[in-house]
Amino acid sequence: MTPPRRLPARRRTAVLATVPVAVAALLGAAGPTAPGTTGAPGAGDPYFPLSGNGGYDVRHYDLTLRYDTSARRLDATAVLTARATQRLTRFDLDLTGLKVTAVTVGRTKAAFRRDGQELVVTPRHALRAGQEFRVTVAYHGTPKPVTDPDGSADGWIPTDDGAFVAGEPQGAMTWFPANAHPKDKASYDFTITVPEGRTAVANGVLLGQRTAGGRTTFRWRETQPMAAYLATATIGRFQVERYTTRDGVQVYNAVDAREARAAAPVLKKLPSVLEWESKLFGPYPFRAAGAIVDHAPDVGYALETQTRPVYDSAPDLGTLVHESAHQWFGDSVTLTAWKDIWLNEGFATYAEWLYDEQHGGPSAQHAFDSLYARPASDGLWAYPPGDPGSGENIFGTPVYARGAMALHELRRAVGDRDFFRILRAWATGHRGGHGTTAQFVALAEKTSGKRLDGLFRTWLHTPGKPNRS
């Protein structure tokens, strides 16, 4: 994600309150159900305690969406295939702002109720630990974004010709019921029906499209594991470009005509950017790639939606490199707690530095030195990137810039040969899965044969401007 520009107050929607973990635990214990048989209402993330849920693991989402761009009404059905990780007499899904009309578990109607952002489901029969089950949710309404702690809009964001759909960190729940924490990744199918003349773009490979009765239906499939915040269903009047790279990756670009002229020279470089990143980080992790370039001037950021980043306007080359690098760092290798966001943003920022360095621009050392010259009072040193302290700070300058600086210090400490081995091993060894800061430090030490805990403690976890080694 590119750092969001703070939005004017008049555009902010109601902020979803985050509650302490202890309160979330109490919410999960409420009611007459026996202890140990209810799924937790959150995944336990201290920054977003109610994001995600406990007691089950989603394997697949099948989303059928019908969106009226004039009325801004969504009619939808979501089918989740999941596995219970404990005995369940009740479990939660994350969903906000939309009216649920029916829920079934298997083929049997289930009781449900709303509790803030939680859809609380009580199946007729308890689910045993290890049991695979299907949940079908029918719902409709006018999806609206949430406002994140930093003031930026997140989720289903209406535009003048459709919707800009970007879910980091908590916006997935604005348009489909989900286990919406990065710890739970799944495959996806999307069937999206929109008025004829509009294009609906989701993740993965386009399976087909059909127009009838004044509407067009698009079918998309992402077979690789994906966190809910990386899903998109962006809709608009787009010019579409399709081709296959020489590595066999299917590229699908959708560009708003108002952004087409500015976007064209940058998007032309996408194949070479992906090829360059593949040489550094290992094979591109997905079957599909591309870009969604919308005209959404009030959004203020781009997001690395899996296989096909979404941009609020024509990106510059640095932004394209950044969001493309996220396909390795953040999308394929996904964090397990939002405090580790530097593993996404620091890595993608350092990819920009490397690209400049290897394409006739300033060196990564120059980028580092320019930042380090900032005084101790500068916002760059406001908090350590390894634990920014709250959801308000996860897209702040320290996470991006100081996170990249930590990687550059690692490079200086271990040398180029081991540094690039570490980056590649991280991306390939955790491909399709998850990673933590502790695991990255362990990999760096094992690869280099050096003790690096002091370096990472200084650059990731120590408040204030670090002293240089």
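The values are calculated or read from the model by the stated rules, or taken from the named source; none is laboratory data. Remember, predicted model here, so these are calculated numbers, not experimental data. Using ideal geometry, Cβ is built from the backbone for each residue, glycine included, and neighbour counts are taken over all protein chains shown. Keep in mind that these areas ignore ligands, DNA and RNA; they rest on the heavy atoms of the full protein, side chains included. Shrake-Rupley method; radii C 1.70, N 1.55, O 1.52, S 1.80 Å.
Say we look at the range 302-324 and pick out the residues that are of a type in the set (Gly, Ala, Ser) and either at pLDDT below 95 or open to solvent by 10 Å² or more (accessible area, probe 1.4 Å) (or both); which of these is nearest to Arg261 (Cα to Cα)? Before you say what the answer is, go through the steps one by one.
If we filter the range 302-324 for residues that are of a type in the set (Gly, Ala, Ser), which is where we start, we get 302, 313-314, 318, 324.
So of that shortlist, the ones also either at pLDDT below 95 or open to solvent by 10 Å² or more (accessible area, probe 1.4 Å) (or both) come out as 313-314, 318.
Details: Ser313: 11, Ala314: 9, Gly318: 18 Å.
The qualifying residue nearest to Arg261 (Cα to Cα) is Ala314.
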Exercise. Of all residues in the range 230-279, which are closer than 22 Å to Ile157 by Cβ and open to solvent by 20 Å² or more (accessible area, probe 1.4 Å)?
Worked result: Arg237, Phe238, Gln239, Val240, Ala257, Arg258, Glu259, Ala260, Ala262
For this session: Show the residue pairs that are 6+ apart or on different chains and have beta-carbon atoms under 7 Å apart, the first residue being within the range 197-214 and on the phi < 0 side of the Ramachandran plot, the second being surrounded by fewer than 20 Cβ atoms within 10 Å (Cβ to Cβ) and of a type in the set (A, V, I, L, M, F, W, C).
Result: Thr199/Val240
Exercise. Which is under 24 Å from the mean Cα position of the chain (by Cα) and of a type in the set (Val, Ile, Thr), of Thr104, Thr81, Thr69?
Worked result: Thr81
Problem set entry | Total residues in the range 374-417, condition over 19 Å from Glu304 (Cβ atoms), open to solvent by 10 Å² or more (accessible area, probe 1.4 Å), part of a loop (DSSP other than H, G, I, E, B) and not charged (D, E, K, R) | 9
Exercise. Tell me, which residue of the range 195-208 that is surrounded by 15 or more Cβ atoms within 10 Å (Cβ to Cβ) and not in a loop (DSSP other than H, G, I, E, B) is farthest from the chain's Cα centre (by Cα)?
Worked result: Pro195
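Report, by residue number, each residue of the range 430-449 that is open to solvent by 60 Å² or more (accessible area, probe 1.4 Å) and more than 17 Å from Lys183 (Cα to Cα). Walk me through how you get there before you give the answer.
Pass one, the range 430-449, residues open to solvent by 60 Å² or more (accessible area, probe 1.4 Å): 431, 438-439, 446, 449.
Lys446, Gly449, listed by residue number.
Per-residue answers, yes or no, for (1) touching a residue at least 40 places away in the same chain (Cβ under 8 Å); (2) in a loop (DSSP other than H, G, I, E, B); (3) over 22 Å from His461 (Cβ atoms):
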{"site": "Ala351", "(1), (2), (3)": "yes, no, yes"}
{"site": "Gly360", "(1), (2), (3)": "no, yes, yes"}
{"site": "Gln365", "(1), (2), (3)": "yes, no, yes"}
{"site": "Leu371", "(1), (2), (3)": "no, no, no"}
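Asp298 - would you say it is farther than 27 Å from Gly162 by Cα and either in a helix (DSSP H, G or I) or open to solvent by 30 Å² or more (accessible area, probe 1.4 Å) (or both)? Let's see the steps before the verdict.
On the way: farther than 27 Å from Gly162 by Cα: no; either in a helix (DSSP H, G or I) or open to solvent by 30 Å² or more (accessible area, probe 1.4 Å) (or both): yes.
Judged against the criteria, Asp298 is not a match.
Restricting to the range 334-354, and then to whatever is farther than 19 Å from Arg412 by Cβ and of a type outside the set (A, V, I, L, M), can you tell me which residue is most open to solvent (accessible area, probe 1.4 Å)?
The first filter runs over the range 334-354 and keeps only residues farther than 19 Å from Arg412 by Cβ, leaving 334-341, 343-345, 348.
Checking the rest, the ones that are also of a type outside the set (A, V, I, L, M) come to 334, 336, 338-340, 344-345.
Working: Thr334: 1, Thr336: 42, Trp338: 1, Lys339: 74, Asp340: 6, Asn344: 2, Glu345: 0 Å².
If we take residues in the range 334-354 being farther than 19 Å from Arg412 by Cβ and of a type outside the set (A, V, I, L, M), then Lys339 is most open to solvent (accessible area, probe 1.4 Å).
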Exercise. Are there any pairs, at least 6 apart or on different chains, whose C-beta atoms fall under 6 Å, with the first in the range 75-87 and under 20 Å from Trp156 (Cα atoms) and at pLDDT below 95 and the second of a type in the set (Ser, Thr, Tyr) and open to solvent by less than 10 Å² (accessible area, probe 1.4 Å), and if so, which?
Worked result: none
Problem set entry | Among residues of the range 321-345, those that are under 15 Å from the mean Cα position of the chain (by Cα) and in a helix (DSSP H, G or I), counted | 11
For this session: Would you mind finding the one in Leu460, Leu407, Leu443 that is closer than 23 Å to Leu303 by Cα and over 20 Å from the mean Cα position of the chain (by Cα)?
Result: Leu407
For this session: Just give me the residues in the range 140-152 being open to solvent by 10 Å² or more (accessible area, probe 1.4 Å) and within 15 Å of Gly391 (Cβ to Cβ), in sequence order.
Result: Pro149, Asp150
Seminar exercise, completed: Among residues of the range 122-139 being in a strand (DSSP E or B) and more than 17 Å from Asp62 (Cβ to Cβ), the residue least open to solvent (accessible area, probe 1.4 Å) is Leu127
